[in-house]
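This report refers to the structure that appears directly beneath it.
Taken together, the values in this text are just the output of simple stated rules run on the coordinates, not laboratory data. Just so you know, these numbers come straight off a predicted model, no measurement behind them. When we count neighbours, we look across all protein chains shown, and the Cβ atoms used for this are built from the backbone with ideal geometry, even at glycine.
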Amino acid sequence: MAGSPSLSEYFTCSRLNATTFVIHENDKYEEHPFIYVKIYSDPGLVVICDTGCGGGDAGREHYHNLKDYIETFPAAANDGKPLNPLEAERKYLIICTHCHYDHILGLKHFQPASKRILASSFDRSFIEENLPVHSLCKFLDVPTPEYTVSYWANDLEKLSFDQKSLNLQILHTPGHTPDELAWYDEQERHLYVGDSFYERVAKDKSYEQPIIFPKEGNWVHYMLSLEKLLRFVEEKNKEPGQAPVRIGCGHITSSVDGVEILLAVQQYFRDLIDGKVPIVYSEEKRGEEFVLWKAAGDSRFSVAAPKRLALEAAKS
Ligand SMILES: [Zn+2]
């Protein structure tokens, strides 16, 4: 198999900026999660943002293990070298944007290699209690990964490692889930927002995805989080002589102008809440009505959620 083009099909990797790569997982659940990998030389650390769906079926794809892929796959995007070659001996810090299965199933490959797992402190019970339901693993009939969050990050907290600043900042952004977080890379001026939003159609147009909310979503919190992200990005954009902040999402969208997409998402949800976007599909799930909103034509976003979330936001 070595050298065959299919070698890298399960994971594909491209460079996002000088220090960061984005890996796309072509998983069996068709979630297509984006996994961000930021490489530090000093301190010797690799920051991984979400770990995807846990790889393919062993034996079917060569690289079914994210950690192996990062440590041994000769990535064209990294001049033919692995992103984190073993001899570099860098440690791992894993940022979990939230605990949905398509973001945490890959954690198993990093344990016990990394005990550094970071999550939002906004509502610890969402992760610490009833994880099979909150991760949605229960509904997919996949074993819920066992992991321990070693670092509960507070809102606006700045991260360091080995007493050195990582120039990363955490923002609590509840709404998609209570534990949803965003993190800002000051050095690269890139803000990662997890599943809070993303565009509808993949770059190569091979698949599309709505912005999805589970039963545990909350659009009152969500609208406040969008406003908070917008204010944060606008503040950063006032810094003189610096490039405008870009945004990377958990699916579909890896690099887009921050203010521009935040304004567009805000408007889309305002229209949704005002009943201006048609419901094109409806089904009963987890004891309530889940619907898909999609504007006619080549809409930039679509949204799937319990209908209740929109009604609750309209009332608030
Ligand atoms: Zn999610």
Among 131, 263, 181: highest mean-square fluctuation, GNM of the chain, C-alpha pairs under 10 Å: 263
Axial C-alpha extent at least 18 Å, average Kyte-Doolittle at least -1.0 - helices from the chain (DSSP): 219-237, 258-273
Note down the Stokes-Einstein diffusion coefficient of the chain in µm²/s, whole number, using a Kirkwood radius over alpha carbon pairs, 20 °C, and 1.002 mPa s. 107 µm²/s
3J(HN,Hα) from dihedral phi, the stretch 157-162, Karplus parametrisation 6.51/-1.76/1.60, rounded to Hz, x for glycine, proline: 5, 9, 9, 9, 8, 6
Can you list the HN-Hα couplings for the stretch 92-106, worked out from phi with the Karplus curve (6.51, -1.76, 1.60; θ = phi - 60°), rounded to whole Hz and with x for Gly and Pro? 10, 10, 10, 9, 9, 5, 5, 9, 5, 4, 6, 10, 10, 5, x
Under a 5 Å amide H to amide H cut-off, with H placed in plane at 1.01 Å, what residues pair with residue 45 once short-range neighbours are removed? 40, 91
Between residue 285 and residues 5 or more places away or on another chain, which pairs have amide H atoms under 5 Å apart, with H built 1.01 Å from N, and which residues are they? 290
Near residue 205, which aspartates and glutamates are there with a Cα under 18 Å away, not counting those fewer than 8 places off in the same chain? 9, 25, 27, 30, 31, 298
Built amide H within the under 5 Å cut-off of residue 250, gap 5+: 193, 194, 195, 196, 197
For residue 185, what charge total do you get from the other residues with a beta carbon under 13 Å from its beta carbon, if Lys and Arg give +1 and Asp and Glu give -1? +3
How long is the stretch 182-316 along each principal axis, judged by its Cα atoms, biggest number first, in Å? 50, 37, 25
With a cut-off of 8 Å between alpha carbons and a minimum separation of six or more residues, what is the relative contact order of the stretch 5-276 in percent? 13 percent
Residue by residue through the stretch 15-20, the couplings from Karplus 6.51 cos²θ - 1.76 cosθ + 1.60 with θ = phi - 60°, in Hz, x for Gly and Pro, are 7, 9, 7, 4, 10, 10
Using Cα positions and a limit of under 23 Å, work out the lysines in reach of residue 276, with same-chain residues fewer than 8 apart set aside. 215, 294, 307, 315
Rounded Å value of the spacing that divides the Cα centres of the stretch 271-316 and the stretch 122-147: 25 Å
